[in-house]
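Chemist: The following block contains the structure, expressed as structure tokens.
Just so it is clear, none of the values below were taken in a lab; they were calculated from the coordinates. Source: prediction; values computed, not measured. Glycine also receives a Cβ, built like all others from the backbone with ideal geometry; neighbour counts cover every protein chain displayed.
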Amino acid sequence: MEGKKTIIAIIVVVILIISFVVITYLYSNFSKTQIGLLTEESNKIVEMDLKIDDIDFKIKTEKDYAVVEKAIKEYTSDLKNIYVEMEEMSAGINPNSIFSAQNIEDDNLDKIDEIISEYKVKSEECISEFEALRKENKIVENIETRDIKRRKDYYKDLYNTIILGEGMQSQFDILEEELKNQKAELNSKLNKIEKIKEFLEDNESSWEIKDDKIQFTNLIKMTEYYNLLNQLIG
């Protein structure tokens, strides 16, 4: 009887060992597969042009690896969206809209100053927001707030290794430089708007609002005005 119990005990132990080996093997393969997919998705971001390329938000990994993948893509998207906002501000400047009859009521150009100020404030906010997001505490916070089921330190380290790696940081450096270039372009346009405003103020006797448009009574001044507008458009 004792012999049978011993044999049963040995069989149970063997089954447990085999089960452990199989589970370990399967988990190891799963982890390798997931890390491979995560690396592939991260490399796509490293190789793309963040100014124009769209981020693929389809999550390719599973379980907590998917949490890491989503965190990386959403963080990158947050930076990209700030750049897009700045770019759209600069590209969206329309001198005909800015110097419309509605903005120059009673020959008063105060609204032009308000428009210039609003653009400057928004552009500074974009720069500040981008720089804040790039600080390491914000990068780490992005994964800290995620719902990771188990082995949180492992997945946090995995996220930090990727997002703080040279490839990713180089991409973000490039995007930050492009953001500042867009701000410089925007400021250049705002300076031209200020010059047009000053021109209208200095030559207020040469134009009037008629039929919801600026109309000049002096041909030379009209030509100078449209030359200034064309410089802004160009």
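Chemist: Which net charge results when you count Lys and Arg as +1 and Asp and Glu as -1 among the other residues whose beta-carbon is under 13 Å from that of ILE174? Intermediate results must be reported in sequence, preceding the final value.
Modeler: Details: positive: LYS51, LYS80, ARG134, LYS180; negative: GLU47, ASP49, ASP53, GLU166, ASP173, GLU176, GLU177, GLU178.
Net charge in that neighbourhood comes out at -4.
Chemist: Provide the convex hull volume over Cα atoms per residue for the stretch 137-234, in Å³.
Modeler: On the way: hull volume 15.4 nm³, N = 98.
Spelled out: Cα convex hull of the stretch 137-234, divided by residues, is 157 Å³.
Chemist: Would you please name the trypsin sites (Lys or Arg not before Pro) within the stretch 51-81 that are DSSP coil residues with at most 10 other C-beta atoms within 10 Å of their C-beta?
Modeler: Values: sites: LYS51, LYS58, LYS60, LYS63, LYS70, LYS73, LYS80; in loops: LYS51, LYS58, LYS60.
Here the sparse-neighbourhood loop sites are LYS58.
Chemist: What do you get for Rg/Rh over the chain if you use C-alpha atoms and the Kirkwood form of Rh? Write down the numbers at each step before the final one.
Modeler: On the way: Rg = 30.3 Å, Rh = 22.6 Å.
Value, to two decimals: 1.34.
Chemist: Go ahead and estimate [θ] at 222 nm for the chain from helices alone: -39,500 (n - 2.57) per DSSP H run with n ≥ 4, summed, over the residue count, rounded to 500. Could you put the intermediate results ahead of the total?
Modeler: Working: 8 runs with 177 residues, N = 234.
Calculated mean residue ellipticity at 222 nm is -26500 deg cm²/dmol.
Chemist: Just to be sure I understand the rule: take each whole DSSP H helix in the chain, project its Cα atoms onto its long axis, keep it if the span is 27 Å or more and its mean Kyte-Doolittle hydropathy is at least -0.5. Which ones pass?
Modeler: Values: long enough: 2-47 (67 Å, 0.94); 63-91 (41 Å, -0.52); 110-134 (37 Å, -0.59); 166-202 (53 Å, -1.07).
Helices passing the filter in the chain: 2-47.
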